[in-house]
Amino acid sequence: MVTKSDMNYKHYNKFYSHLDFMKYRNVFFIFSSALIVLGIISLFVFRMNLGIDFSSGTRVDIQSSQPLSSQHVTQAFTDLGYKPDTVVLSGNKNHIATVRLNRELNQQQIAQLKNDIQTKYHVNPNVSTVSPQVGRDLARNGLFALIIASIFIIIYVWIRFEFLQGLTAVLALIHDAFFIVTVFSLFHIEVNVLFISAVLTIVGYSINDTIVTFDRVRENIKLSRKRLSTLQELGDVVNVSIRETLTRSINTVLTVLFPVIFLLIFGSDSIKTFTIALLVGLLCGVYSSICIACPLWAVMKAHYLAGRKVRRTVRTQG
Amino acid sequence: MRKKGRLFSFFAILIVSAVILGLVTMPIIHNVKLGLDLKGGFEVLYQVKPLKAGQKIDANTMSNAVAALNKRINVLGVSEPNISIQNGNRIDVQLPGVKDEKRARQLLSTTANLTFRDYKDRLMLDGSDLQPGKAKVAFDELNHPMVTLQLKSASKFANVTRKILNEAPNNVMVIWMDYQKGDSFQKEANKTNHKFISAPSVQSVLNTNDVQITGNFTMQEANTLRDLLNSGSLPVKMTEVYSTSVGAQFGQNSMTDTLFAGAIGVAAILLFMLLFYRLGGLVADITLAYYIFIVMGVFVGLQAVLTLPGIAALILGIGMAVDANIITLERIKDEIRSGKSILSAFRAGSKRALPTVVDANLTTIIAAGVLFAFGVSSVKGFAVMLLISNIVTFIASVYGQRLFLGLLVHSGVLNDKPELFGVRRSDIRGN
């Protein structure tokens, strides 16, 4: 049993000493598993709302000086001969309209469309088109980047820490990435190419968070100068380490959250998807580092050590 | 005396560096290359296909095509074009700030293969018979614009005109731009909107190397034709697979919105650090200012293009840079609470926090590096910013903080003042 006096220093906010992360580990595990199941169901039922970056078609952004209405824009496009797939209004006065057409326009059609909108709304619209081939390539590259990044991170953590910590850290990371996907699927938020960068940023951030906590676990194990073997002992070290790094975890996420929240409120609409993904990922990243990665590591490690003990006993008997 | 010296150094370095930063701010800001999404303009991704059967698309053809495109873009007068080869068979062209998008597109995608043929579409002369760079716009006697060319050999032209003259009554010389297999003069001749440029009839053998093309051009059409001929034909065929355009006003608005949001976010961080870590927070805020300048400086130095996600990465990077400060300051607080003097707490805290900061940043660098390797355009801009900001975090947050906090701690002014680090006296062991 690791007692308080065993630790070299263990100063943390007195409020934290009531927090027992190991005690509620099963609650966290069940909660997260439920979220993952929900995500899988949502992916089957609602799928992802893929933007033209990933499917194909044409996207037209109109920034007018006056407020626009959905019917008006739809009517205007229908008059021009293009029936819009969706019309989304944004901006604080609803003066920006994003129109999606399910078909690709060619060079002449784009020029014509821009011309028509110019005469109608007196603004130069943004027009983007993507053919399905390019969209597929983008999606494939994104997934590829995610897998490669995960592999490199596991290898790095394996070298600097230990395999089980690398494994749980990556499980937490996948948990976070998947949670962002779940939220986007459930609320039907349009996914564009920036979504991939947001997910990868969260991957980097989440691993960063987990590693700072594992770093303290590693240090406290060294300081305890004891051979830890039971789940109780490992759990105590985990609890103390989380409490010691909790102020840092909260402060760090706060400092990253400040700009993200302000970007969400005041930032450009074209990065809204990106900031939503970051916000969701940041919150999930803190939760998973503290409530999933560390307790899960303690459980796995205790299992592994118990298994080794049994094997040893068997060997000596044999 | 020695102690006073440290305090003096602290303020001296602070003031000198503030002056230097103040002086370089404007040049840095003026040299930032803005991406399409901030400046307006358009981007087209072309799929490159062979022009003739059996032609191979290899690295050599691709770089020839890019060279030809570069010449054409120079004609458009775009200041910062960005042309890159992707996937080995795609060319990405970004033209920030381009005004006449329609003309730009036309100019970019035509292969500009000029051919002279007879009425049976047999090839007589092609682009390789022209003297490069000699096409000009002139006016005929009715003041209609026309394009004049110079051939390499007058005798070859004499031969060609003689052949065509012999084909009378069909003695026409058909001038085609981008003739494709299956195009036929006889089919096109009666259309009002025919595909060939013009079909003058040949009345005599012309032993000259001056050729005029009169084809009912508007002034702009004549200019475009001249520019195309002068920049040479493309060795490949290109089709648009992706295109996006951003209005200049739209880009401007996105930039001001995002910068405004970022400024408030950064101000919130600075205030938070100051309130939570007091003097330590002040030093962190100073290093943060350095961080922003160094990141922007490196970014400009690398000639990287600032995109909207790039700004987001810069702001996010600030949050991550603060993390390095927080880890160190929390560690120093721990050490102070364990009863150590301010000096030894600073030493032990900085030393113990370093491996954590290294591990934390290296993992993010791995993610950013992978993004950079596999990302396209705007994602790449984001990755570059994230990479730079992570590397700079080491310099600014770790060494900057050590330098400034070190000078203050060593000067002795902080001795026995744990409150300045945000530590309550009652929390210190032994008190």
> Would segment B:314-334 turn up any residue that is within 9 Å of chain A (Cβ to nearest Cβ) and basic (Lys, Arg)?
Replying inline: yes
>> Given the criterion away from every other protein chain (no Cβ under 14 Å), under 19 Å from B:Gln47 (Cα atoms) and not aromatic (Phe, Trp, Tyr), identify the matching residue among B:Thr111, B:Thr115.
In response: B:Thr111
> For B:Gln94, are the conditions met, namely being in contact with a Ser or Thr (Cβ under 9 Å, 6 or more places away or on another chain), assigned by TED's automatic domain parsing to the domain that holds B:Val241 and under 30 Å from A:Gly267 (Cβ atoms)?
Replying inline: yes
> Has segment A:207-214 got at least one residue that is part of a helix (DSSP H, G or I), touching a Lys or Arg at 6+ places or on another chain (Cβ under 8 Å), of a type in the set (Ser, Thr, Tyr) and at the interface with another protein chain (Cβ under 10 Å from one of its Cβ atoms)?
Replying inline: no
> Out of segment B:25-47, which residues are aliphatic (A, V, I, L, M) and closer than 26 Å to B:Ile292 by Cβ?
Replying inline: B:Met26, B:Ile28, B:Ile29, B:Val32, B:Leu34, B:Leu36, B:Leu38
> Residues of segment A:56-90 being part of a loop (DSSP other than H, G, I, E, B) and surrounded by fewer than 17 Cβ atoms within 10 Å (Cβ to Cβ), which ones?
Replying inline: A:Ser65, A:Gln66, A:Pro67, A:Ser69, A:Gly81, A:Lys83, A:Asp85
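Looking for whichever is closer than 18 Å to B:Ala284 by Cα, at pLDDT below 85 and touching a helix residue (DSSP H, G or I) at 6+ places or on another chain (Cβ under 9 Å) here; the options are B:Ala345, B:Ala396, B:Ala373. Which one fits?
Matching residue, one of B:Ala345, B:Ala396, B:Ala373: B:Ala396.
Residue-by-condition table, conditions (1) in contact (Cβ under 8 Å) with a residue 40 or more places away in the chain; (2) among the aliphatic types (A, V, I, L, M):
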| site | (1), (2) |
| --- | --- |
| A:Trp158 | no, no |
| A:Leu167 | yes, yes |
| A:Phe184 | yes, no |
| A:Phe187 | no, no |
| A:Leu194 | yes, yes |
>> The conditions are (1) part of a helix (DSSP H, G or I); (2) among the small types (Gly, Ala, Ser); (3) touching a residue at least 40 places away in the same chain (Cβ under 8 Å), and A:Gly307 fails exactly one of them. Which is it?
In response: (3)
> Of B:Ala321, B:Ala304, which residue is crowded, with 21+ Cβ neighbours inside 10 Å, in contact (Cβ under 8 Å) with a residue 40 or more places away in the chain and not assigned by TED's automatic domain parsing to the domain that holds B:Arg72?
Replying inline: B:Ala321
> How many residues are at pLDDT 80 or above, part of a loop (DSSP other than H, G, I, E, B) and not polar (S, T, N, Q) when one looks only at segment B:203-216?
Replying inline: 2
> Restricting attention to segment B:244-259, which residues are in contact (Cβ under 8 Å) with a residue 24 or more places away in the chain and either more than 23 Å from B:Ala104 (Cβ to Cβ) or more than 7 Å from chain A (Cβ to nearest Cβ) (or both)?
Replying inline: B:Ala248, B:Gly251, B:Gln252, B:Met255, B:Thr258, B:Leu259
> Does segment A:252-274 contain at least one residue that is aromatic (Phe, Trp, Tyr), touching a helix residue (DSSP H, G or I) at 6+ places or on another chain (Cβ under 6 Å), more than 23 Å from B:Met273 (Cα to Cα) and assigned to a helix (DSSP H, G or I)?
Replying inline: yes
> Quick one: would you say A:Ala172 is part of a helix (DSSP H, G or I), within 11 Å of chain B (Cβ to nearest Cβ) and out of contact with any Pro (no Cβ under 7 Å at 6 or more places or on another chain)?
Replying inline: no
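The values are calculated or read from the model by the stated rules, or taken from the named source; none is laboratory data. Quick caveat: nothing in here was measured; it's all calculated off a predicted structure. Cβ coordinates were reconstructed from backbone atoms using ideal geometry, including for glycine residues, and neighbour counts include every protein chain displayed.
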